[in-house]
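Quick notes on the structure that follows.
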Amino acid sequence: MKTTLEIMRASPVIPVIAIDKFEHAVPLARALVAGGIRVLEITLRTEHGLPAIRAIAESVPDAIVGVGTLTAPEEFAASRDAGAVFGVSPGLTPALIEAAKRSGLPLLPGVMTPSEVMAAREAGFRQLKLFPAVPAGGIGMLNGIAGPLSDVSFCPTGGITQETAPQFLACKNVVCVGGSWLTPKAAIEAGDWDKITEIAKAASALKKA
């Protein structure tokens, strides 16, 4: 099993994916992987989250499939059993920490403030998701906490675009960024998988400074 840091380093951008129709899951994953984006965060924001994770894990072997929007302890084992190899949460609670330990699922927990970063670090997490990144202060926040909390690295997510991603990736404590721009709803509804691959190629070309 890969570590959280290894997973983050596998892609400059991790797409945050909400599956509205189950039949879109596998072709969407294949289109992203074809464009060089292998790390996929399938969120539990819709009823198709877990079935989509299972289908992608079985049908797209080159994908590194993770589960996003983990907010309840019981979701960890269910996601692992569906085939997820990492998890992402919008925040961190003692119950989620315990569930992550029990499941063995590498977790990228969400934080928004320096105090939350310190609490997550005390719990043993060194790789974190700054969320929501732009409302939390964005690049200014990341640069501001890089000094006193230099042993923590981030995947900022929330409000980041193809245009602003390079600025975030230039921060010394940023390993990758999360974004939903890779999966525009219009292209998915139209089944325009070539468009998704084109967007993925542009995202995979972004390099960590």
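The values are calculated or read from the model by the stated rules, or taken from the named source; none is laboratory data. Please read these numbers as outputs of a predicted model, since none were measured by experiment. When we count neighbours, we look across all protein chains shown, and the Cβ atoms used for this are built from the backbone with ideal geometry, even at glycine. The protein model used for the area step is the full one, side chains on, heavy atoms only, and it has no ligands, DNA or RNA in it. Shrake-Rupley method; radii C 1.70, N 1.55, O 1.52, S 1.80 Å.
Using the Cβ-Cβ distance between Lys172 and Ala95 with R0 set to 45 Å, the FRET efficiency from 1/(1 + (r/R0)^6) comes to roughly 0.85.
Normalised by the number of residues in the chain, the average gap of Cα pairs under 8 Å and 6 or more apart makes the relative contact order 23 percent. The amide H of Val174, built 1.01 Å from its N in the peptide plane, has Phe154 as neighbours under 5 Å, considering only residues 5 or more places off or on other chains.
Summed over the residues of the chain and divided among them, the accessible surface reaches 43 Å² per residue at a probe radius of 1.4 Å. Across region 37-148, the mean sequence separation of Cα contacts (distance under 8 Å, 6 or more residues apart), normalised by length, yields a relative contact order of 19 percent. Distance from a point 7 Å along Cα→Cβ of Glu47 to each backbone N in region 177-192: keep the residues under 12 Å and list them by number. In region 177-192, the label zone of Glu47 (backbone N under 12 Å from the point 7 Å along Cα→Cβ) covers no residue.
Here the simple spin-label model places points 7 Å from the Cα toward Cβ, and for Ala205 and Ile139 these points are separated by 2.0 nm. For region 14-57, the ratio of Cα radius of gyration to the globular rule of thumb 2.2 N^0.38 Å stands at 1.01. Note on Met118 and Lys2: the model spin-label points, each 7 Å out from Cα along the C-beta direction, lie 3.3 nm apart. For the chain, set up a GNM with springs between Cα atoms under 10 Å and report which of Ile42, Ile145, Ile17 has the largest fluctuation. In this elastic network of the chain, the residue with the biggest mean-square fluctuation among Ile42, Ile145, Ile17 is Ile145. Once the chain from Glu58 to Glu163 is taken as fully extended at 0.36 nm per residue, the excess over their C-alpha distance is 34.5 nm. Surface composition of the chain: carbon and sulfur atoms hold 55% of the protein heavy-atom accessible area at a 1.4 Å probe. The convex hull drawn around the Cα atoms of region 1-143, when projected onto a plane and averaged over every direction, covers 8.3 nm². Sorted from longest to shortest, the spans of the Cα atoms of region 85-209 along the three principal axes equal 45, 33, 22 Å.
Across the cross-link table entries Lys129/Lys195; Lys21/Lys195; Lys2/Lys195, which are compared at the Cα atoms, the separations over 26 Å belong to Lys129/Lys195; Lys2/Lys195.
Note on the chain: GNM, Cα springs under 10 Å; of Glu41, Glu23, Glu198, the largest mean-square fluctuation is that of Glu23. Extension gain, Val26-Ser150: 0.36 nm per intervening residue step, less the Cα-Cα distance, totals 40.8 nm.
Among the trypsin sites (Lys or Arg not before Pro) in region 1-110, those located in a DSSP loop and surrounded by at most 12 other Cβ atoms within 10 Å of their own Cβ are Lys21.
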